[in-house]
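> Let me begin by handing over the structure; questions about it come next.
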Amino acid sequence: MKNIFFDLDGTLTDPAQGITNSVAYALSKFGIEVADRSELYRFIGPPLVPAFMEYYGFSKEDAERALVLYREYFAPTGIFENAVIEGIPEMLSALKASGKRLFVATSKPEEFAKRILEHFALDGYFDGIYGSTMDETRNTKDAVIAYALIESGADKDDTVMVGDRHHDIDGAKKNAMRSVGVLFGYGSREELTQAGADAIVETVDELQQILIGE
């Protein structure tokens, strides 16, 4: 594989604190208090409007309002309540040294993704950073991947998608790409297997080996 597309949340960084704080803030405005913060981990990865609708039964209108409230907390504060997953910078450096072209394809709004990667000094590893739009016109993973393929000029036949949730695997399949699921994020082996990941790895070292080996 010449080109590698990486998910961001749960694959390159651990955003649990910022995302769950932002979701809890939005839910509180609807009078919903969450006792067990781990319940909100399911918001890490998928597009947020459908997530609010699925997990809390919101109407589309309320889910869109929740997204506005989410960003009210996330944009100034939650965006940096985040941490780089151990071993990721070293892996990215090794992949670049091996001649791979690296890109980010995330459901997070593109401007937020760029700010996060710049904040953690990871942006220099990537040839392109692609995400969703703030107006939700490009908000599914398959749409982001399709956009990334066009903008990067990458051939889907020599490109692989790496991510921790079934949305990453589903998005790759819809674009006729191979995929690698990672277990150091927020998806389970069962989730990634059922989605049809071409390979599943447990550690960053194992991910590096399989990506360089390909």
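> Calculate, in nm to one decimal, what Glu86 and Glu118 gain on full extension: separation in residues at 0.36 nm each, minus their alpha carbon distance. Before the final figure, lay out the partial values.
Working: separation 32, 0.36 × 32 = 11.52 nm, distance 1.71 nm.
Between Glu86 and Glu118, full extension yields 9.8 nm more.
> Given H placed 1.01 Å from N in the peptide plane, which residues other than close sequence neighbours of Ala83 have an amide H under 5 Å from its amide H?
So Ala83 has HN proximity to Asp14.
> Let me ask something else. Residue-wise, which Karplus ³J(HN,Hα) couplings in Hz belong to the range 142-158, taking 6.51 cos²θ - 1.76 cosθ + 1.60, θ = phi - 60°, and x for glycine or proline?
5, 5, 5, 5, 4, 4, 5, 4, 5, 5, 7, x, 6, 8, 4, 6, 10
> Using 31 Å as the Cα-Cα cut-off, could you pick out the over-long pairs in Lys29/Lys173; Lys108/Lys173; Lys2/Lys60; Lys96/Lys141?
Working: Lys29/Lys173 37 Å; Lys108/Lys173 20 Å; Lys2/Lys60 40 Å; Lys96/Lys141 24 Å.
As for pairs spanning more than 31 Å Cα to Cα, those are Lys29/Lys173; Lys2/Lys60.
> While we're here: Give me the aspartates and glutamates in straight-line cross-link reach of Lys156: C-alpha distance below 14 Å, same-chain residues under 8 apart excluded.
Those aspartates and glutamates meeting the cut-off are Asp142.
> Next up: Could you tell me how many degrees, from 0 to 90 and to the nearest 10, lie between the Cα long axis of helix 16-28 and the main elongation axis, the longest principal axis, of the Cα atoms of the chain?
Once rounded, the angle reads 30 degrees.
> Of all DSSP beta bridges in the chain, what percent run antiparallel (nearest 5)?
Values: 2 of 22 bridges.
Percentage antiparallel, nearest 5: 10.
> Report in % the part of the accessible area of the chain that belongs to carbon and sulfur, leaving out ligands and nucleic acids; probe 1.4 Å.
Details: 4280 of 9200 Å².
Taking all protein chains in place, the chain shows 47 percent carbon and sulfur surface.
> Now a separate question. If packing is taken as the mean number of other Cβ atoms within 10 Å per residue, what is the order of 138-146, 92-100, 205-213, highest first?
138-146, 205-213, 92-100
> Counting each pair of different Cα atoms once, what's the Kirkwood radius of the chain in Å, rounded to one decimal? Each step should come with its number before you reach the end.
Numbers: mean 1/r = 0.0582 Å⁻¹.
Result for the chain, one decimal place: 17.2 Å.
> Right, here's the next one. How many nm is it between the label spots at Asp142 and Thr193, if each spot is 7 Å from the Cα in line with the beta carbon?
Those two pseudo-labels are separated by 2.5 nm.
> Something else: Note down the magnitude of the dipole of the range 67-185 about its Cα centre, charges +1 on Lys and Arg C-beta and -1 on Asp and Glu C-beta and zero elsewhere, to the nearest 20 debye. Don't skip to the answer; put the middle values down first.
Numbers: 14 positive and 19 negative charges, 47 e Å.
With Lys and Arg at +1 and Asp and Glu at -1, about 220 debye.
> Right, something else. Below 12 angstrom from the Cβ of Glu86, what's the summed charge of the other residues (Lys, Arg +1; Asp, Glu -1)? Working shown, then result.
On the way: positive: none; negative: Asp14, Glu90, Asp205.
Around Glu86, the surrounding residues sum to -3.
> Suppose every K and R has +1 on its Cβ and every D and E has -1 on its Cβ; what is the size of the dipole of the range 39-88 about the Cα centre, in Debye to the nearest 20? Walk me through the numbers before you get to the answer.
On the way: 4 positive and 8 negative charges, 18 e Å.
Dipole size: approximately 80 debye.
> Shifting gears a bit: Divide by every residue of the chain the summed helix terms, -39500 (n - 2.57) for each DSSP H run of at least 4, and state the resulting mean residue ellipticity at 222 nm, rounded to the nearest 500 deg cm²/dmol. All intermediate terms of the calculation are to be shown ahead of the outcome.
Values: 9 runs with 95 residues, N = 214.
That calculation yields -13500 deg cm²/dmol at 222 nm.
> Enter the accessible area per residue of the chain (Å², integer; probe 1.4 Å; all protein chains in place). Could you put the intermediate results ahead of the total?
Numbers: 9200 Å² over 214 residues.
Spelled out: the 1.4 Å probe surface of the chain, per residue, equals 43 Å².
> Here's something else I'd like to know. If you line up the long axis of helix 60-74 against the longest principal axis of the chain, both from Cα atoms, how many degrees apart are they, to the nearest 10?
Computed tilt is about 70 degrees.
> Mind listing the phi-derived Karplus ³J(HN,Hα) values for the range 199-212, rounded to whole Hz, using 6.51, -1.76 and 1.60 with θ = phi - 60°, and x for any glycine or proline?
8, 10, 10, 9, 10, 5, 4, 5, 4, 4, 4, 6, 6, 6
> With an 8 Å Cα cut-off and a minimum separation of 6 or more residues, compute the relative contact order for the chain in percent.
25
The values are calculated or read from the model by the stated rules, or taken from the named source; none is laboratory data. All of these numbers come straight from a predicted model, not from anything done at the bench. FYI the Cβ positions are ideal-geometry reconstructions off the backbone, even for glycines, and counts take in every protein chain you see. For accessibility, only protein heavy atoms count, side chains too; no ligands or nucleic acids. Shrake-Rupley method; radii C 1.70, N 1.55, O 1.52, S 1.80 Å.
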